[in-house]
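Single-structure report; data block below.
Values in this text are rule-based calculations from the coordinates and carry no lab data. Just so we're clear, the structure is a prediction, and the values are computed from it rather than from any experiment. For neighbour counting, all protein chains shown are included, and Cβ atoms are generated from backbone atoms with ideal geometry for every residue, glycine included.
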Amino acid sequence: MKQSKIKTFVLTALVSMGVTVAPLAQASGIPVVDAGAIAQAVQQVVHMKTQIDNQIKQISELKSQVAAISGTRNLGQILNTVKDQVPDEWKSLYGSVTATNYKDY
């Protein structure tokens, strides 16, 4: 499916170039077509399409990175996690620290 989109895009580009160049070529003599220039133009269009696809991927990756940085990360649960991992000897110290009202000092 991606190949058909690229072929359609390239064909559209070629037809567009043909339409824009055709009215300019009204000189008398032997008609000349520069196949090398047309091939180069097609390669440039395909390269630009690849660059645009890469930029779209980069933008979507940046969006996901911003969402990862600015979203909620459950930081409120850190204290509960630490409390569960405190050694038994320190649980009484932790209990006294959490029970003390430091506003009175």
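For beta carbons closer than 7 Å, sequence separation of 6+ or different chains, a first residue in the stretch 73-102 that is among the aliphatic types (A, V, I, L, M) and a second that is surrounded by 10 or more Cβ atoms within 10 Å (Cβ to Cβ) and assigned to a helix (DSSP H, G or I), the qualifying pairs are Val86/Tyr94.
Between Val82, Val46, the distinction of being surrounded by 10 or more Cβ atoms within 10 Å (Cβ to Cβ) and in contact with a helix residue (DSSP H, G or I) (Cβ under 8 Å, 6 or more places away or on another chain) belongs to Val46 only.
Residue-by-condition table, conditions (1) touching a Phe, Trp or Tyr at 6+ places or on another chain (Cβ under 8 Å); (2) surrounded by 10 or more Cβ atoms within 10 Å (Cβ to Cβ); (3) in a helix (DSSP H, G or I):
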site: Ala37; (1), (2), (3): no, yes, yes
site: Thr50; (1), (2), (3): no, yes, yes
site: Asp53; (1), (2), (3): no, yes, yes
site: Arg73; (1), (2), (3): no, yes, no
site: Trp90; (1), (2), (3): no, yes, yes
site: Tyr94; (1), (2), (3): no, yes, yes
site: Thr98; (1), (2), (3): no, no, yes
